[in-house]
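Before any comments, here is the structure.
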């Protein structure tokens, strides 16, 4: 017979699974998936390595926020039946350790791709008129009632979906080339 007692962790020692749970991988996967879909449907091409790096740093940022959230809400999580088994409230991971892990990941996820993100945002802003119309529409809709705001939104979306910039975005995507927008 093989002795497996050395393969289990001591009750006061966190397991690898506890550290993975600390990063809230289900929430992290949703954030990464949402970012991936945004990158795939963006009207501007994105270099695959830039996309991979962005997804990696987004995952790190999401993991950091999960660890910091678990540290911050440990007292509340300890009294809720659904959350009392999480690593910090259950005592598997010390609160100070969760805070340190969350803070250590923040710089990795926050600033690393910032320059590339700014350049990408500038390319998007220079693109179709829809991107430029959105801030104005948001400002104007604050002053409107719900029905008028929805009407304005529908009108703007229809103008964007039937305009020359939309047609150019679709053609450029299908032809795998840089789009040339006219601002309408």
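The values are calculated or read from the model by the stated rules, or taken from the named source; none is laboratory data. Everything numeric here is computed off the predicted structure, so don't read it as measured data. Cβ sites come from the backbone with ideal geometry, for glycine too, and all protein chains shown count toward neighbours.
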Residue, surrounded by the most Cβ atoms within 10 Å (Cβ to Cβ), within the range 50-63, restricted to residues that are over 11 Å from the mean Cα position of the chain (by Cα) and farther than 28 Å from residue 165 by Cβ: 53
Identify all residues within the range 166-184 that are at pLDDT below 80, more than 27 Å from the chain's Cα centre (by Cα) and surrounded by 11 or more Cβ atoms within 10 Å (Cβ to Cβ); write none if there are none. 181, 183, 184
Inspect the range 92-105 for any residue being outside any helix (DSSP H, G or I) and crowded, with 18+ Cβ neighbours inside 10 Å and give the result as yes or no. yes
Do you know which residues across the range 154-165 are at pLDDT below 80 and surrounded by 13 or more Cβ atoms within 10 Å (Cβ to Cβ)? 156, 157, 159, 160, 163, 165
In this structure, is residue 70 surrounded by fewer than 15 Cβ atoms within 10 Å (Cβ to Cβ) and either assigned to a helix (DSSP H, G or I) or without any contact (Cβ under 8 Å) to a residue 40 or more places away in the chain (or both)? no
